[in-house]
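Novice: Just passing along the structure, written as C-alpha cells.
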Amino acid sequence: MKKTLIGLAVTAAFAVPAMAQQSVEVLHWWTSGGEAAALGVLKGNLEKQGIKWNDMPVAGGGGEQAMTAVRARVTAGNPPTAVQMLGFDIQDWAKQGVLADLNDVAAKEGWDKTVPAALQRFSKFNGKWVAAPVNVHSTNWVWANKEVLAKAGITADPKTWDEFIADGEKLQKAGFIALAHGGQPWQEATMFDGVVISTGGVDFYRKAFIDLDPKSLNSPTMLKAFDRMAQLRKLVDKDFSGRDWNVAAGMVISGKAGFQIMGDWAKGEFIGAKKVPGKDFSCFRVPGTQGVVSFNSDQFAMFKVGADKVAAQTKLASAIMDPGFQSAFNVVKGSVPARTDVSDKDFDDCGKKGMKDFAEANTKNTLVGSMAHGHAVPASIKNAFYDVITRHFNGQIDSKKAVVELAAAAKS
Ligand code: GAL
C-alpha cells in the first residue's frame with residue numbers, strides 16, 4: 001500500500017509537467033458543411049502531433065462577425081493563438097503590434113520562395129511574416145446545376161453578360177429560380193466584384209477599387225455595372241433577404257435554382273453533397289471575366305501569445321504551410337494552394353481550372369484583390385462600399401445615386 005502510494009505520488013509529481021498538453025485556440029468563421037470539413041483536415045493534422053485544438057467558430061460568411069469577436073478578445077488582452085483573416089485586416093492588426101513574428105519558421109521552411117508575392121503582400125508586415133496563408137479563393141465564379149439548365153433548354157455555359165441574363169430568363173420561364181442569392185451585404189459585394197470586372201475590364205477594376213480613382217468610381221462604366229446588378233436582382237426569388245450563402249448553394253445543389261454567383265468556397269458545398277463537376281454541376285467564370293482572377297486568401301494571423309504557447313503556435317504555422325496539407329485542405333475547401341509548388345493531381349476539374357487561372361493571372365498581371373473580401377481596400381472603405389451596393393440592390397437608391405455614393409464612400 002505504502003509502496004503504491006509513493007509510486008502514485010512520484011508518478012503525479014512527474015506526470016503533471018510531462019502531460020501539460022500543448023494546445024492552440026483558433027478563431028474562424030468556417031461553419032458551413034464544406035468549410036468545417038476542410039478545417040477538419042488541419043485539426044486532424046495537429047491532433048496527430050498531440051496538439052489540442054480549441055475551436056472558436058464565429059458563424060457569418062465573409063467573417064464580419066468573426067472580426068468583431070477578435071476585437072473583443074484583443075481588447076481584453078487575451079487573443080487566440082491564430083485567427084482566420086483576410087488581406088487588409090491582417091495589416092491593420094500588424095500595425096497595432098499584436099501579431100507574432102514567424103520569420104524563423106518561415107526562413108527554415110523557405111516560405112519566401114513558395115508563396116506568391118500577391119499573398120506575401122498581406123502575410124508580411126515590415127519584412128516580418130505575421131500570418132500563414134492557407135489558400136487562395138477567387139470570387140468571379142458561377143456555379144450551375146447542369147440538369148436544371150438542360151431542362152430549361154440551356155446547352156452551353158453563357159459566354160457573355162447578355163447570354164447570362166437571357167439564360168436566367170429561360171430558367172425562370174421553365175419554373176426555376178434563376179439565381180440563388182443570399183441577401184447579405186457581403187454576398188452582394190461578392191457578385192459586384194465579378195460584375196465590375198465584366199463591365200469595365202481588369203484595368204477599370206484596378207483604377208476603381210484599388211487606386212480608388214474618383215473618376216472611375218463615379219463613371220458611366222460604374223453606372224452600367226450597377227444597372228447590371230439591377231438585372232441580377234430580377235433573377236432572384238422573393239425570399240432572398242438574409243439567406244446564408246451555403247443555403248443559396250444548397251438551392252443549386254438540390255435543383256431549385258440554376259445559378260449562383262459566389263466564390264469557390266461554394267464548391268466545398270457541392271463536393272460535400274457528393275456532386276461531381278462536369279457531370280452534376282459546372283463552374284465557369286462570371287461571363288466577361290475569363291482570364292481575370294479576383295482573389296482572396298484566407299490566412300491565419302498569429303497573435304503574440306505567452307511563452308508557453310509559442311511552440312504549439314509554430315507547429316500550427318508549419319502544419320498550414322505543409323505542401324501535402326495544402327493539397328488535402330484545398331481539395332475539400334474549393335480553393336487553390338497558397339504555394340506555387342503543389343501539384344494539381346488530386347484536384348477535380350474546377351480545382352485544376354482554378355489553379356491554372358490563378359497561375360496565369362499571376363504572370364499576366366490580371367490578378368486583382370477582391371474588394372468584397374478585404375483584398376482591395378481596408379475594412380472601413382470596404383464596409384462603406386458594401387452599404388452602397390446593398391442599398392442599391394434592394395432598390396433604395398438608383399444607379400445614378402449609387403455611383404455618386406460609391407465615390408463618396410471611397411473617402412471614408
Ligand atoms: C470568405 C472566406 C472563405 C469562405 C467565405 C464564406 O471570406 O475567404 O474561406 O469561408 O468567406 O464564409
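Novice: Using helices alone, I'd like the mean residue ellipticity at 222 nm for the chain: each DSSP H run of four-plus residues gives -39500 (n - 2.57), total over residue count, nearest 500. Display every interim value, and only then the final one.
Specialist: Numbers: 19 runs with 212 residues, N = 412.
Value at 222 nm, helices only, nearest 500: -15500 deg cm²/dmol.
Novice: Counting other beta carbons within 10 Å of each residue's own, what order do Lys108, Lys256 fall into, fewest first? Please list the in-between numbers first.
Specialist: Details: Lys108 10, Lys256 15.
Result, fewest neighbours first: Lys108, Lys256.
Novice: Which distance in Å, rounded to a whole number, links the C-alpha centroids of segment 371-406 and segment 332-348?
Specialist: So the two Cα centres are separated by 32 Å.
Novice: Could you state the angle between the C-alpha long axis of helix 64-75 and the longest principal axis of the C-alpha atoms of the chain, as a value from 0 to 90 degrees rounded to the nearest 10?
Specialist: 30 degrees
Novice: Further, regarding this structure: Order these by the 10 Å Cβ neighbour count, fewest first: Ser216, Ser294.
Specialist: Values: Ser216 23, Ser294 31.
The fewest-first ordering by Cβ neighbours comes to Ser216, Ser294.
Novice: Under a plain spin-label model, where a point goes 7 Å from the Cα along Cα-to-Cβ, how far apart in nm are Lys364 and Ala174?
Specialist: With each label placed 7 Å out from Cα toward Cβ, I get 3.0 nm.
Novice: Okay, moving on. I need the trypsin sites (Lys or Arg not before Pro) found in segment 329-412, filtered to DSSP loop residues with at most 15 other beta carbons within 10 Å of theirs. List each step's numbers first, then the result.
Specialist: On the way: sites: Lys333, Arg339, Lys345, Lys352, Lys353, Lys356, Lys364, Lys382, Arg391, Lys400, Lys401, Lys411; in loops: Arg339, Lys345, Lys411.
In loop regions of segment 329-412 (DSSP not H, G, I, E or B), the sparsely surrounded trypsin sites (Lys or Arg not before Pro) are Lys345, Lys411.
Novice: May I pose another question? What residues of segment 122-149 lie in the reach of a label at Lys95, counting those whose backbone N is under 11 Å from a point 7 Å from the Cα along Cα→Cβ?
Specialist: none
Novice: Considering only Cα-Cα distances, which of the following residue pairs are longer than 30 Å: Lys224/Lys279; Lys146/Lys207; Lys333/Lys400; Lys43/Lys238; Lys95/Lys207? Working shown, then result.
Specialist: Values: Lys224/Lys279 35 Å; Lys146/Lys207 36 Å; Lys333/Lys400 38 Å; Lys43/Lys238 39 Å; Lys95/Lys207 26 Å.
Violating the 30 Å limit, Cα to Cα: Lys224/Lys279; Lys146/Lys207; Lys333/Lys400; Lys43/Lys238.
Novice: Subtracting the Cα-Cα distance from 0.36 nm times the residue separation, let me have the gained length for Lys113 to Ala230 in nm, one decimal. Write down the numbers at each step before the final one.
Specialist: Details: separation 117, 0.36 × 117 = 42.12 nm, distance 4.40 nm.
Between Lys113 and Ala230, full extension yields an extra 37.7 nm.
Novice: Another one. Would you kindly calculate the mean projected area, averaged across all directions, of the convex hull enclosing the Cα atoms of the chain, in square nanometres?
Specialist: Answer in nm², one decimal: 22.7.
Novice: Then there's this: Output needed for segment 163-202: three equivalent-ellipsoid semi-axes, defined as square roots of 5 times the C-alpha gyration tensor eigenvalues, in descending order, whole Å. Please report the intermediate quantities before stating the final value.
Specialist: Values: eigenvalues 98, 48, 3 Å².
They are 22, 16, 4 Å, listed largest first.
Novice: Computed FRET efficiency, Cβ-Cβ of Ser399 and Ser254, R0 45 Å: what is it to the nearest 0.05? Walk me through the intermediate numbers first.
Specialist: On the way: r = 33 Å, r/R0 = 0.74.
Here the calculated transfer efficiency is 0.85.
Novice: For Arg73, Arg206, what's the fewest-to-most ordering of other Cβ within 10 Å of each Cβ?
Specialist: Arg73, Arg206
Novice: What Kirkwood radius, in Å to one decimal, follows from the Cα pairs of segment 254-404? Intermediate results must be reported in sequence, preceding the final value.
Specialist: Details: mean 1/r = 0.0551 Å⁻¹.
So the Kirkwood estimate lands at 18.1 Å.
Novice: Picking from Ser23, Ser254, Ser282, which is most flexible by a Gaussian network model of the chain using Cα springs under 10 Å?
Specialist: Comparing Ser23, Ser254, Ser282 in a Gaussian network model of the chain, the most mobile one is Ser254.
Novice: Further question: Give me the aspartates and glutamates in straight-line cross-link reach of Lys159: C-alpha distance below 14 Å, same-chain residues under 8 apart excluded.
Specialist: Partners within reach: Asp167.
Novice: Dividing the alpha-carbon radius of gyration of segment 161-259 by 2.2 N^0.38 Å (N being the number of residues), what value is obtained? List each step's numbers first, then the result.
Specialist: Details: Rg = 14.6 Å, N = 99, 2.2 N^0.38 = 12.6 Å.
Rounded to two decimals, the normalised Rg is 1.16.
Novice: How long are the three semi-axes of the equivalent ellipsoid of segment 332-412, in whole Å, if each is the root of 5 times an eigenvalue of the C-alpha gyration tensor, listed from largest down? All intermediate terms of the calculation are to be shown ahead of the outcome.
Specialist: Numbers: eigenvalues 239, 39, 25 Å².
Semi-axis lengths for segment 332-412 are 35, 14, 11 Å.
Novice: Select from Ala376, Ala59, Ala131 the residue whose mean-square fluctuation is largest in a Gaussian network model of the chain (Cα-Cα springs shorter than 10 Å).
Specialist: The residue with the greatest mean-square fluctuation here is Ala59.
Novice: Pick from Gln299, Gln96, Gln184 the residue whose mean-square fluctuation is largest in a GNM of the chain, springs joining Cα atoms under 10 Å.
Specialist: Result for the chain, Cα springs under 10 Å: Gln96 fluctuates most.
Readers should treat all values here as calculations from the given coordinates under stated rules, not as data from a laboratory. As the structure is a prediction and not an experimental result, all values here were calculated from the model. As a convention, Cβ positions derive from the backbone with ideal geometry for all residues, glycine included, and neighbour counts pool all protein chains shown.
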